[in-house]
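Working notes, structure below.
The values are calculated or read from the model by the stated rules, or taken from the named source; none is laboratory data. The structure presented is a predicted model; accordingly, all values stated were derived computationally and were not measured. A quick note on method: Cβ atoms are made from the backbone with ideal geometry, for glycine too, and the neighbour counts reach across all protein chains shown. In case anyone asks, the SASA skips ligands and DNA or RNA and just uses the protein heavy atoms, side chains included. Shrake-Rupley method; radii C 1.70, N 1.55, O 1.52, S 1.80 Å.
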Amino acid sequence: EGGGEGEPAGNGVGTFAEVVERLGLGPVAEFLDSLELKGRWEELGGNYVLRPEVGVEVKAVLHFVGGAFVGAAPHVMYRYFLERLAERGFVVVATPYRIKFDYMETVDEILSSFDKVSVGLALDYGPIPIIGVGHSAGAVLLTIAASIFPDAERAANILISFNNKP
(Lines give C-alpha, C1' and ligand atoms only; values in the text may rest on other atoms or scores of the structure.)
Protein backbone atom coordinates (compact mmCIF):
# COMPACT_ATOMS: atom_id res chain seq x y z
CA GLU A 1 0.00 0.00 0.00
CA GLY A 2 2.86 2.40 0.61
CA GLY A 3 2.75 5.58 2.57
CA GLY A 4 5.90 5.04 4.61
CA GLU A 5 8.86 7.30 4.22
CA GLY A 6 9.79 7.41 0.55
CA GLU A 7 6.87 5.17 -0.45
CA PRO A 8 3.82 6.25 -2.44
CA ALA A 9 1.20 7.65 -0.13
CA GLY A 10 -1.73 5.96 -1.87
CA ASN A 11 -3.71 9.20 -1.77
CA GLY A 12 -3.24 10.26 -5.37
CA VAL A 13 -0.67 12.89 -4.40
CA GLY A 14 2.38 10.96 -3.25
CA THR A 15 4.94 11.90 -0.67
CA PHE A 16 6.34 15.42 -0.64
CA ALA A 17 9.64 14.10 -2.05
CA GLU A 18 7.79 12.37 -4.93
CA VAL A 19 5.85 15.49 -5.82
CA VAL A 20 9.01 17.62 -5.71
CA GLU A 21 10.84 15.18 -7.98
CA ARG A 22 7.92 14.77 -10.40
CA LEU A 23 7.53 18.54 -10.79
CA GLY A 24 11.26 19.32 -10.83
CA LEU A 25 10.97 21.55 -7.76
CA GLY A 26 14.23 20.61 -6.04
CA PRO A 27 15.47 24.22 -5.63
CA VAL A 28 12.05 25.34 -4.39
CA ALA A 29 11.96 22.47 -1.87
CA GLU A 30 15.44 23.37 -0.65
CA PHE A 31 14.32 26.98 -0.19
CA LEU A 32 11.19 25.89 1.72
CA ASP A 33 13.30 23.59 3.90
CA SER A 34 15.57 26.53 4.70
CA LEU A 35 12.49 28.37 6.03
CA GLU A 36 11.83 25.41 8.34
CA LEU A 37 8.15 25.24 7.35
CA LYS A 38 7.92 21.56 8.26
CA GLY A 39 8.41 22.27 11.94
CA ARG A 40 7.28 19.34 14.07
CA TRP A 41 5.07 17.76 11.41
CA GLU A 42 5.60 14.04 10.76
CA GLU A 43 4.69 12.39 7.46
CA LEU A 44 2.94 9.13 8.35
CA GLY A 45 1.02 6.88 5.98
CA GLY A 46 0.30 9.67 3.51
CA ASN A 47 -0.81 12.08 6.26
CA TYR A 48 0.87 14.94 8.04
CA VAL A 49 0.65 14.54 11.81
CA LEU A 50 1.28 17.22 14.42
CA ARG A 51 1.26 16.19 18.06
CA PRO A 52 0.92 18.52 21.04
CA GLU A 53 4.11 19.36 22.91
CA VAL A 54 5.13 16.95 25.65
CA GLY A 55 3.28 17.84 28.83
CA VAL A 56 0.16 19.17 27.06
CA GLU A 57 -2.93 17.09 27.82
CA VAL A 58 -4.25 15.44 24.64
CA LYS A 59 -7.97 16.10 24.17
CA ALA A 60 -8.78 14.52 20.80
CA VAL A 61 -7.53 13.60 17.34
CA LEU A 62 -8.56 16.10 14.67
CA HIS A 63 -8.72 14.66 11.15
CA PHE A 64 -8.32 17.73 8.95
CA VAL A 65 -9.23 17.83 5.25
CA GLY A 66 -8.63 21.15 3.52
CA GLY A 67 -10.07 22.83 0.45
CA ALA A 68 -9.79 21.58 -3.12
CA PHE A 69 -6.96 23.76 -4.37
CA VAL A 70 -4.83 23.64 -1.24
CA GLY A 71 -5.77 20.11 -0.18
CA ALA A 72 -2.49 18.70 -1.46
CA ALA A 73 -0.47 20.58 1.18
CA PRO A 74 -2.73 21.14 4.21
CA HIS A 75 0.17 21.20 6.66
CA VAL A 76 1.60 24.21 4.81
CA MET A 77 -1.52 26.07 3.67
CA TYR A 78 -3.34 25.77 7.02
CA ARG A 79 -0.19 25.70 9.13
CA TYR A 80 -1.00 28.49 11.58
CA PHE A 81 -4.55 27.33 12.20
CA LEU A 82 -3.54 23.70 12.73
CA GLU A 83 -0.53 24.52 14.90
CA ARG A 84 -2.76 26.57 17.23
CA LEU A 85 -5.01 23.53 17.61
CA ALA A 86 -2.04 21.30 18.49
CA GLU A 87 -0.92 23.88 21.08
CA ARG A 88 -4.33 23.44 22.73
CA GLY A 89 -4.00 19.67 23.06
CA PHE A 90 -5.26 18.27 19.77
CA VAL A 91 -3.38 15.71 17.71
CA VAL A 92 -3.79 16.99 14.16
CA VAL A 93 -3.88 14.57 11.24
CA ALA A 94 -3.94 16.56 8.00
CA THR A 95 -4.69 14.33 5.02
CA PRO A 96 -3.57 15.66 1.64
CA TYR A 97 -5.59 14.80 -1.45
CA ARG A 98 -6.09 15.67 -5.07
CA ILE A 99 -9.73 16.46 -5.85
CA LYS A 100 -11.40 14.40 -8.56
CA PHE A 101 -14.77 14.62 -10.24
CA ASP A 102 -15.53 11.28 -8.60
CA TYR A 103 -15.96 12.44 -4.99
CA MET A 104 -16.47 8.86 -3.83
CA GLU A 105 -12.98 7.92 -5.00
CA THR A 106 -11.51 10.96 -3.23
CA VAL A 107 -13.38 10.10 0.00
CA ASP A 108 -12.09 6.53 -0.18
CA GLU A 109 -8.51 7.75 -0.58
CA ILE A 110 -8.82 10.19 2.32
CA LEU A 111 -10.29 7.59 4.66
CA SER A 112 -7.72 4.98 3.61
CA SER A 113 -4.90 7.41 4.38
CA PHE A 114 -6.38 8.25 7.78
CA ASP A 115 -6.80 4.55 8.59
CA LYS A 116 -3.04 4.10 8.15
CA VAL A 117 -2.34 6.28 11.21
CA SER A 118 -5.46 5.88 13.34
CA VAL A 119 -4.48 2.57 14.95
CA GLY A 120 -1.03 3.87 15.91
CA LEU A 121 -2.55 7.02 17.38
CA ALA A 122 -5.04 4.95 19.38
CA LEU A 123 -2.14 2.92 20.77
CA ASP A 124 -0.23 6.13 21.59
CA TYR A 125 -3.09 8.06 23.20
CA GLY A 126 -5.75 5.55 24.19
CA PRO A 127 -9.48 6.07 23.75
CA ILE A 128 -9.80 9.74 22.81
CA PRO A 129 -12.40 11.26 20.48
CA ILE A 130 -11.80 11.58 16.75
CA ILE A 131 -13.22 14.79 15.28
CA GLY A 132 -13.34 15.51 11.57
CA VAL A 133 -12.55 19.08 10.54
CA GLY A 134 -13.16 20.02 6.92
CA HIS A 135 -12.75 23.32 5.10
CA SER A 136 -14.61 24.04 1.85
CA ALA A 137 -14.38 20.94 -0.36
CA GLY A 138 -12.91 19.11 2.64
CA ALA A 139 -16.17 19.77 4.49
CA VAL A 140 -18.11 18.27 1.58
CA LEU A 141 -15.85 15.20 1.52
CA LEU A 142 -16.22 14.63 5.29
CA THR A 143 -20.00 14.98 4.95
CA ILE A 144 -20.04 12.34 2.24
CA ALA A 145 -17.86 10.08 4.39
CA ALA A 146 -20.22 10.49 7.37
CA SER A 147 -23.20 9.72 5.15
CA ILE A 148 -21.68 6.56 3.72
CA PHE A 149 -20.17 5.34 6.98
CA PRO A 150 -22.55 6.55 9.73
CA ASP A 151 -21.02 4.13 12.25
CA ALA A 152 -17.48 5.45 11.77
CA GLU A 153 -15.84 6.43 15.04
CA ARG A 154 -16.25 10.20 14.89
CA ALA A 155 -17.34 12.21 17.90
CA ALA A 156 -18.26 15.08 15.56
CA ASN A 157 -17.50 16.78 12.28
CA ILE A 158 -16.72 20.48 12.14
CA LEU A 159 -17.56 21.91 8.73
CA ILE A 160 -15.95 25.25 7.85
CA SER A 161 -17.24 27.12 4.77
CA PHE A 162 -19.16 24.10 3.55
CA ASN A 163 -19.89 24.31 -0.16
CA ASN A 164 -20.65 22.09 -3.06
CA LYS A 165 -20.02 22.02 -6.76
CA PRO A 166 -22.79 23.62 -8.86
Say each of ILE148 and ALA122 gets a label point 7 Å from the Cα, pointing the same way as Cα to Cβ; how far apart are those two points in nm? 2.0
Could you size up the charge dipole of the stretch 103-166 around its Cα centre, putting +1 on the beta carbon of Lys and Arg and -1 on that of Asp and Glu, and report it in debye to the nearest 20? 220
In whole Hz, the Karplus estimates of ³J(HN,Hα) for the stretch 90-105 (6.51, -1.76, 1.60; θ = phi - 60°; x where Gly or Pro) are 9, 7, 9, 10, 9, 9, x, 7, 10, 5, 10, 5, 8, 4, 4, 5
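Starting from the Cα-Cα distance between ARG84 and ARG98, subtract it from 0.36 nm times their residue separation and give me the gain in nm to one decimal.
2.5 nm
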Which value, in Å² rounded to 10, gives the accessible area of GLU153 with a 1.4 Å probe and all protein chains present? 150
